[in-house]
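The values are calculated or read from the model by the stated rules, or taken from the named source; none is laboratory data. This is a predicted model, so every value here is computed, not measured. Cβ placement follows ideal geometry from the backbone for every residue including glycine, while neighbour counts extend to all protein chains displayed.
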Amino acid sequence: MTPSTTASGSTPLLQVDKVTKNFRGRPALQEVSLAVAAGETLGLVGESGSGKSTLARLALGLLAPDAGTVRFAGQDPYRLRGRTGRSLRARLQFVPQHPRGSLNPALRAGEAVAFALRLHGTPRRERPEAVAALFRQVGLEPGLARRFPRELSGGQLQRVAVARALATGPDLVVCDEPTSALDRTVQARLLDLLTGLQESTGVAYLFISHDLAVVRHLAHRVLVLRRGRVLEEGPAAELWEAPAHPYTRALLEAATGGPATP
């Protein structure tokens, strides 16, 4: 299966076409294709080891595929260098699974966001107010910018990671299991935040998760990955109501605690 068009049929912002990636002779991805349009959320679902994180790194330009192509805004993010590369990467950002590990413990939360603003070219004098505005945008009190990562809760840290990703005004944010370390209540709040940000800014998401229930509440479309291959792809509501593949049904049963519709 090689999905290559978006739900709206518009030109994709991110286009991954028949990508293959091997590590030490073992396939991590095998001819995987996907497309994400501006303002759209594509949910990427699969168990641990399915190739989700490898696909995320390819989409971000951190890895090169062994075969196939990756295009963001029509360009290969892995091969771009210099000013053009920096400009493109500003439009393509990342929210990690464990923000505590991705934030420098010696920097205050606001300093981490300000660093992203500096890379984006925001003048020094404008950064404090820009940091405060970003904190408010993700539902954090600006005063929390003065705290170190160790002084913040998991939910607050994840919001700081979202603020840092938004600092460059991205068109697409890759979210790699951003809710997996959070309890259900905090998960729901983060998903509501991401939905609201998409409505207000038009940002697109490639949202990666092992939990189909989490993805259902955010994604317009869902792609199911197993052992490096695409098993199924379609609108989130349709996959939830009538999954076609047994593996998707198993994921749905795990998410709901009951049998899925055959």
Which residues, counting only those in segment 55-73, are surrounded by fewer than 23 Cβ atoms within 10 Å (Cβ to Cβ), touching a residue at least 12 places away in the same chain (Cβ under 8 Å) and within 13 Å of the chain's Cα centre (by Cα)? Ala56, Leu60
Within segment 93-109, does at least one residue satisfy the condition of being modelled with pLDDT of 95 or more, assigned to a helix (DSSP H, G or I) and under 20 Å from Ala165 (Cα atoms)? yes
Near pairs, Cβ below 8 angstrom, 6+ apart or cross-chain, from segment 26-38 (on the phi < 0 side of the Ramachandran plot and surrounded by fewer than 23 Cβ atoms within 10 Å (Cβ to Cβ)) to any residue that is among the β-branched types (Val, Ile, Thr) and part of a strand (DSSP E or B): Pro27/Thr20; Gln30/Thr20; Ser33/Val16; Ser33/Val19; Ser33/Val230
So if I check each of Leu251, Leu193, Leu206, Leu231, which one is among the aliphatic types (A, V, I, L, M), surrounded by 21 or more Cβ atoms within 10 Å (Cβ to Cβ) and at pLDDT 90 or above? Leu206
Any residue at all in segment 243-257 that's closer than 30 Å to Asp66 by Cβ and in contact with a Phe, Trp or Tyr (Cβ under 6 Å, 6 or more places away or on another chain)? no
Could you tell me whether any residue of segment 166-174 is more than 18 Å from Val215 (Cα to Cα) and assigned to a helix (DSSP H, G or I)? yes
Number of positions in segment 174-190 that are touching a residue at least 40 places away in the same chain (Cβ under 8 Å) and surrounded by 24 or more Cβ atoms within 10 Å (Cβ to Cβ): 3
